[in-house]
Amino acid sequence: MKTKTKPKTELSKINYMNKLALPIAIIALIASISSFFVLNSKSDLVYVDVNKLIEGYKRTKVERDAFSKKADVLKANVDSLITNWQNELKNYEKERSSMSKKELGLKQELLGNKQQQLNNYQQAIQKQIQEEDKKMTQTVVNDINGYVKEYGKQNGYRVIFGAGGNGNIMYAEDGADLTNEVLTGLNKQYEGK
């Protein structure tokens, strides 16, 4: 009986394929191991401490200083009006005994109206101060949010959590906290560097 032998060209192809299989397998193994380490070297779960960002952001101080000056002017105006009203009340108390009933009634009505106007004005100023504070805070928060979004995109993060100190992130590895990196970049961007 004659055994069939494969033609020489087929054998050489099989030998050639067997020789290629090992290097290809090694290259594939190296590629998969390196991609595993590259992909897992940066955690997918990272966060920033929002309170530290707000407090450390240089624009926050600038905005707060401007807000404080504006609020101080408004409060000084209210204080001046209150002092004027109190002086009028003191004068009324001094002169009260020499006034007629009609004059007393008119002066009391005038003082009451002024007090009501003063209370309304004081409430309006407080509301304006609160709105200015919200606007200032929102400006700072918008800056921070915009920067964190761009930072995340540029550095390949899918999600960056914001911790606010109220227990929403109870524990994280040190490498997961991006606060200092983000704050440094945020301040450089604000200063135009």
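General observations
- Test: residue in the stretch 127-139 that is in a helix (DSSP H, G or I) and hydroxyl-bearing (S, T, Y): yes
- For the residues G156, G162, G192, G175, the requirement of being in contact with a strand residue (DSSP E or B) (Cβ under 9 Å, 6 or more places away or on another chain), surrounded by fewer than 11 Cβ atoms within 10 Å (Cβ to Cβ) and not aliphatic (A, V, I, L, M) singles out G175.
- Enumeration of residues in the stretch 69-80 that are open to solvent by less than 70 Å² (accessible area, probe 1.4 Å) and either over 13 Å from Q128 (Cβ atoms) or among the charged types (D, E, K, R) (or both): A76, S80
Residues checked against (1) β-branched (V, I, T); (2) over 19 Å from V46 (Cα atoms); (3) in contact with a Phe, Trp or Tyr (Cβ under 8 Å, 6 or more places away or on another chain):
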| site | (1), (2), (3) |
| --- | --- |
| N120 | no, yes, no |
| G146 | no, no, no |
| Q154 | no, no, no |
| G162 | no, no, yes |
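The values are calculated or read from the model by the stated rules, or taken from the named source; none is laboratory data. Just so it is clear, the structure is predicted and the values come from calculations on it, not from any experiment. Cβ: placed from backbone, ideal geometry, glycine included. Neighbour counts: every protein chain shown. The area values use the complete protein model at the heavy-atom level, side chains included, leaving out ligands, DNA and RNA. Shrake-Rupley method; radii C 1.70, N 1.55, O 1.52, S 1.80 Å.
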